[in-house]
1. Taking only segment 244-284 into account, find how many residues are without any contact (Cβ under 8 Å) to a residue 24 or more places away in the chain, surrounded by 14 or more Cβ atoms within 10 Å (Cβ to Cβ) and within 34 Å of the chain's Cα centre (by Cα).
2. Might you let me know whether segment 120-134 holds any residue that is outside the structural domain of residue 87 (by TED's automatic domain parsing), part of a helix (DSSP H, G or I) and exposed (fewer than 14 other Cβ atoms within 10 Å of the Cβ)?
3. Condition first: crowded, with 17+ Cβ neighbours inside 10 Å and more than 16 Å from the ligand (Cβ to nearest atom). Now tell me which residues in segment 86-109 satisfy that.
4. So, residue 53, is that one out of contact with any strand residue (DSSP E or B) (no Cβ under 6 Å at 6 or more places or on another chain), surrounded by 12 or more Cβ atoms within 10 Å (Cβ to Cβ), at pLDDT 95 or above and farther than 27 Å from residue 107 by Cα or not?
5. Kindly indicate which of 177, 193, 187, 181 is crowded, with 16+ Cβ neighbours inside 10 Å and touching a strand residue (DSSP E or B) at 6+ places or on another chain (Cβ under 6 Å).
6. What residue, of 183, 241, is away from the ligand (no atom under 16 Å from the Cβ), at pLDDT 95 or above, on the phi < 0 side of the Ramachandran plot and within 29 Å of the chain's Cα centre (by Cα)?
7. Consider residue 227 against the criteria (1) without any contact (Cβ under 8 Å) to a residue 24 or more places away in the chain; (2) within 15 Å of the ligand (Cβ to nearest atom): it satisfies all of them except one. Which criterion is unmet?
8. From the list 117, 83, pick out the single residue that is within 16 Å of the ligand (Cβ to nearest atom), in contact with a helix residue (DSSP H, G or I) (Cβ under 9 Å, 6 or more places away or on another chain) and assigned to a loop (DSSP other than H, G, I, E, B).
Ligand code: SAM
C-alpha cells in the first residue's frame, strides 16, 4: 500500500508526576490524532480532562497488546493517526506498545516519537554518577534467586546501571546489591521525581540500607536505583569475563595460545594472565 495513505503512529510521553512537564507538542498531538491508545482509560482520562482534551480512547495494555495491536494497525491502514501513551513517562520503556511499533515498521507505517519525561533518564541526570555510559535494566526481578543472579552478573559492569524498583522490594534489593555487588558500591535512589516528596539520595550500598531503614517514609512511592559502574582499581585485575574467556579457550587450545587470544580479546597484559594461569595450574 502507498505510504501516503497510511496513518501515523505518534509515541507520546506523559508526565511522571508533575502535569506541567507535558510538552506543547504532546498536547497538540493528543488533540489532533483520531485515536489515543492508552494503557489505562481512567488514568489517561484524568490527564486529558486536565488539559481539556476530548478524543477517542482505545485500551491497549500488556494483557491485550497482541490483539489490540492488530486492531490499531487496521485503523492506521485506514489512514487514521494514532497517539500511543502509557500511564506515565515514555511509552515502551517498561510499558506496552513495542509489539505495535514492530508491526508498524513491518507494514511501512510511519512511527514518530516525541521526546519527553522518562523516570530512568531524569533520575540519571540528577544522580551525579558518570552518565555518558550506562545500561538500563528495567525492573529488578521480583524472585530473589533471579535478582541475585542478575546482580552477580552485573558485578563487574563498568557502565552505570539503572533499575526501576518497587517500594515493596527496595530493602531486599539493596540487601542483595550489598551481597552480590559490593557493600561499598555507590548508589543513588531517586524517589518520587517531579512530585511533592521528591528525594534524590546517594550513599554507599551498606549505608544506604541503614539510611532507608531509619525512616519508612524514605522508601515510599516510586523509585529508580542508579548503581555506579565497576571501577577496576587494581592494574592487574582479571575480571570474571576475562577468566571465563580464558578457561573456555584453554579447554580447546594450548596455554600459550589461550593466553594470547584472551589478552587480545580483552586488551590486557598477557603476562598477568600467564602468571595467573601458572599459579592456578592451567599449564597441566
Ligand atoms: N515508562 C515509564 C518511564 O518512562 O519512566 C516507566 C514505567 S514503569 C511501569 C514505572 C516505574 O518507573 C516505577 O515503578 C518507578 O520505578 C519508575 N518511576 C515512574 N515515575 C517515577 C517517579 N516520579 N519517580 C521515580 N521513579 C518513577
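1. Counting residues in segment 244-284 that are without any contact (Cβ under 8 Å) to a residue 24 or more places away in the chain, surrounded by 14 or more Cβ atoms within 10 Å (Cβ to Cβ) and within 34 Å of the chain's Cα centre (by Cα) gives 5.
2. Scanning segment 120-134, I find at least one residue that is outside the structural domain of residue 87 (by TED's automatic domain parsing), part of a helix (DSSP H, G or I) and exposed (fewer than 14 other Cβ atoms within 10 Å of the Cβ), so the answer is yes.
3. Residues satisfying the conditions are 103, 104, 109.
4. yes
5. Values: 177 fails: touching a strand residue (DSSP E or B) at 6+ places or on another chain (Cβ under 6 Å); 193 fails: touching a strand residue (DSSP E or B) at 6+ places or on another chain (Cβ under 6 Å); 181 fails: touching a strand residue (DSSP E or B) at 6+ places or on another chain (Cβ under 6 Å).
Selected residue: 187, the only one of 177, 193, 187, 181 that is crowded, with 16+ Cβ neighbours inside 10 Å and touching a strand residue (DSSP E or B) at 6+ places or on another chain (Cβ under 6 Å).
6. Numbers: 241 fails: at pLDDT 95 or above.
Criteria check complete, one pass: 183.
7. Unmet condition: (1).
8. On the way: 83 fails: assigned to a loop (DSSP other than H, G, I, E, B).
Checking each option against the conditions leaves just 117.
The values are calculated or read from the model by the stated rules, or taken from the named source; none is laboratory data. As the structure is a prediction and not an experimental result, all values here were calculated from the model. Positions of Cβ are backbone-derived with ideal geometry, glycine not excepted, and every protein chain shown enters the neighbour counts.
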